[in-house]
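The values are calculated or read from the model by the stated rules, or taken from the named source; none is laboratory data. Keep in mind it's a predicted model, so treat the numbers as computed, not measured. No Cβ is skipped: glycine too gets one built from the backbone with ideal geometry, and neighbour counts run over all protein chains shown.
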Amino acid sequence: MNRKWIGTSWKMNKTKAQAQLFCDGLKSWLSDNQVNDIQCFVIPPFTYLDFVASQLESSDVKVGAQNMAWAENGAFTGEISAEMLTDCGATIVELGHSERREYFAETDERVNAKVKTALKHKLKPLICVGDTLEQKHSGCSVEAVLCQVKQSLVGLSLIEVSNVILAYEPVWAIGEHGQAASIKDVELVHCAIKAYLKSLDHGLVDDVPLLYGGSVNPSNARDLIDCEFVDGLFIGRSAWQVEGYTQIIRLCQ
Ligand SMILES: O=C[C@H](O)COP(=O)(O)O
């Protein structure tokens, strides 16, 4: 059985001291608890990437970044390159989160370019896709999400596709105003994404992890991870404190 992925993005939160507290707490918890069947990952803001990666170096926890530039380097003021991320110890890069699509005009085309650059630098792209409430209400969640998945993978070889992680994050389920998705909502979309991956090639891309994110909390984590097509959870608020994160890991074991 493949390991389940359970991770958290801190978004634009925490000071360095708070990052240290989280890492200390996680390392201490992991030294007392076996999590062989779970792949943990933490995605801090850029400014603590190097620090968090060195704090968690001795553990099996993967560290990722929340975004990166599509360009290799050059005159792109304020941007961060793939090479800079790997240099800081990141092995994952989150791309296409709905907050980046909404507030920073991230397009499918741009996400696709970033995915290609990430793979070139041996970074695992964690590609976020999700439907809006309007799309859900008009019954086109599957269509909208599959469109994002396809666009993000344009021009990739099957080997490259086999190296990505996908996360279904309904826009309407994310954040403090989000409503948790029902198991039925999650199954509908996950089943469609898995079927699409299978249609690309039997075997090679079957193992692409498909995570769920959006208002995951201790009350729904177990039911979500038990869904047939859910390979992991991508958590925001409920895992920002290390106690919340480890509680969800424990519940999912
Ligand atoms: O990156 C995580 C997702 O956006 C989910 O955030 P949330 O768990 O706070 O709803």
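The table below lists the values:
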{"item": "Members of the stretch 127-152 that are in contact with a strand residue (DSSP E or B) (Cβ under 8 Å, 6 or more places away or on another chain) and more than 16 Å from the ligand (Cβ to nearest atom)", "result": "149, 152"}
{"item": "Conditions (1) within 27 Å of residue 40 (Cα to Cα); (2) polar (S, T, N, Q); (3) surrounded by fewer than 20 Cβ atoms within 10 Å (Cβ to Cβ); (4) within 16 Å of the ligand (Cβ to nearest atom); number of the one not met by residue 98", "result": "(3)"}
{"item": "Candidates 49, 26, 21 - the one that is at pLDDT 95 or above, crowded, with 17+ Cβ neighbours inside 10 Å, over 21 Å from residue 87 (Cβ atoms) and of a type outside the set (Gly, Ala, Ser)", "result": "26"}
{"item": "Strands (runs of 3 or more DSSP E) lying entirely in the stretch 30-134 (those with 2 or more residues that are farther than 22 Å from residue 155 by Cβ and either within 16 Å of the chain's Cα centre (by Cα) or basic (Lys, Arg) (or both))", "result": "38-43, 62-65"}
{"item": "Any hit, the stretch 134-154, residues being of a type in the set (Lys, Arg), out of contact with any helix residue (DSSP H, G or I) (no Cβ under 9 Å at 6 or more places or on another chain) and farther than 21 Å from residue 71 by Cβ", "result": "no"}
{"item": "Residue match in the stretch 8-28 (condition: touching a strand residue (DSSP E or B) at 6+ places or on another chain (Cβ under 7 Å) and not hydroxyl-bearing (Ser, Thr, Tyr))", "result": "yes"}
{"item": "Hits in the stretch 202-214 (condition: among the small types (Gly, Ala, Ser) and either more than 16 Å from the ligand (Cβ to nearest atom) or out of contact with any strand residue (DSSP E or B) (no Cβ under 6 Å at 6 or more places or on another chain) (or both))", "result": "203, 214"}
{"item": "Any hit, the stretch 40-56, residues being among the charged types (D, E, K, R) and either in contact with a strand residue (DSSP E or B) (Cβ under 9 Å, 6 or more places away or on another chain) or without any contact (Cβ under 8 Å) to a residue 24 or more places away in the chain (or both)", "result": "no"}
{"item": "Failed item, numbered, when residue 131 is tested on (1) without any contact (Cβ under 8 Å) to a residue 60 or more places away in the chain; (2) out of contact with any Cys (no Cβ under 9 Å at 6 or more places or on another chain)", "result": "(2)"}
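For every residue, the table says whether it meets (1) without any contact (Cβ under 8 Å) to a residue 60 or more places away in the chain; (2) near the ligand (Cβ under 10 Å from one of its atoms); (3) farther than 19 Å from residue 44 by Cα.
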| site | (1), (2), (3) |
| --- | --- |
| 165 | no, no, no |
| 177 | yes, yes, yes |
| 186 | yes, no, yes |
| 200 | yes, no, yes |
| 216 | yes, yes, no |
| 223 | yes, no, yes |
| 227 | yes, no, yes |
| 231 | no, no, yes |
| 238 | yes, yes, no |
